[in-house]
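A short worksheet on the structure shown next.
The values are calculated or read from the model by the stated rules, or taken from the named source; none is laboratory data. Keep in mind the model is a prediction, meaning the values are calculated, not measured. Here the Cβ positions follow ideal geometry from the backbone for every residue, glycine too, while neighbour counts run over all protein chains shown.
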Amino acid sequence: MPQQHLVHHLGVFASDFAASESFYTTALAALDVRAGYRTETIAEYWIPEHDAPSLSLEAAPTSAEATRGLHLAFEAADRQAVDAFHQAAVSAGGTSRHEPRHWPEYRAYTTFVSDPDGNNIEALVKDPADS
């Protein structure tokens, strides 16, 4: 039986597709998430050999229709991947909300970065010592 996921895919609509595509492509590469499908206005991201769950980035029809206020968290393999995500996201135009650190209230090592539209994008790894 195939594995069932809570979420199959999520769509994010970008006010500036080129800026958001650069941000997500660079930041998610640190987590081994790649664009598996791409056109001039759509980029679909997933882990190689697993097309779900996935993130669909699309150009918003108008700036007013861009996704804003979203908090999206990506699972990382380890703390080094969280650190690499933060560095890559900021270098690709993201704004740091919180540097990578252990958050005892979440029982995780995590970081938070704003994407070009101000969405709160997180990378985390659960800390087995806190579980």
*farther than 19 Å from residue 29 by Cα, at pLDDT 95 or above and either among the acidic types (Asp, Glu) or crowded, with 17+ Cβ neighbours inside 10 Å (or both), is that true of residue 84?*
no
*How many residues are surrounded by 13 or more Cβ atoms within 10 Å (Cβ to Cβ) and either among the β-branched types (Val, Ile, Thr) or farther than 14 Å from residue 10 by Cβ (or both) when one looks only at segment 42-64?*
4
*asked:* Can you tell me which condition residue 80 does not meet? The list is (1) without any contact (Cβ under 8 Å) to a residue 12 or more places away in the chain; (2) within 19 Å of residue 14 (Cβ to Cβ); (3) polar (S, T, N, Q), and all the others hold.
replied: (2)
*Just one of (1) assigned to a loop (DSSP other than H, G, I, E, B); (2) at pLDDT 95 or above trips up residue 1, so point out which.*
(2)
*Of the residues that sit in segment 28-41 and are over 25 Å from residue 78 (Cβ atoms) and of a type in the set (Val, Ile, Thr), which one is surrounded by the fewest Cβ atoms within 10 Å (Cβ to Cβ)?*
39
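A quick yes/no check of all residues on (1) closer than 18 Å to residue 120 by Cβ; (2) of a type in the set (Lys, Arg); (3) under 15 Å from the mean Cα position of the chain (by Cα):
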| site | (1), (2), (3) |
| --- | --- |
| 19 | yes, no, yes |
| 23 | yes, no, yes |
| 38 | no, yes, no |
| 55 | yes, no, yes |
| 63 | no, no, no |
| 81 | no, no, yes |
*Determine whether segment 88-101 contains at least one residue that is surrounded by fewer than 16 Cβ atoms within 10 Å (Cβ to Cβ) and farther than 21 Å from residue 20 by Cβ.*
yes
*Applying the selection to segment 83-125, what residues are out of contact with any His (no Cβ under 8 Å at 6 or more places or on another chain), free of Cβ contacts under 8 Å to residues at least 24 places away in the same chain and in a strand (DSSP E or B)?*
95, 97, 98, 101, 103, 114
*With the condition kept exactly as written, say whether any residue in segment 12-27 is touching a His at 6+ places or on another chain (Cβ under 9 Å), surrounded by 18 or more Cβ atoms within 10 Å (Cβ to Cβ), assigned to a strand (DSSP E or B) and not basic (Lys, Arg).*
no
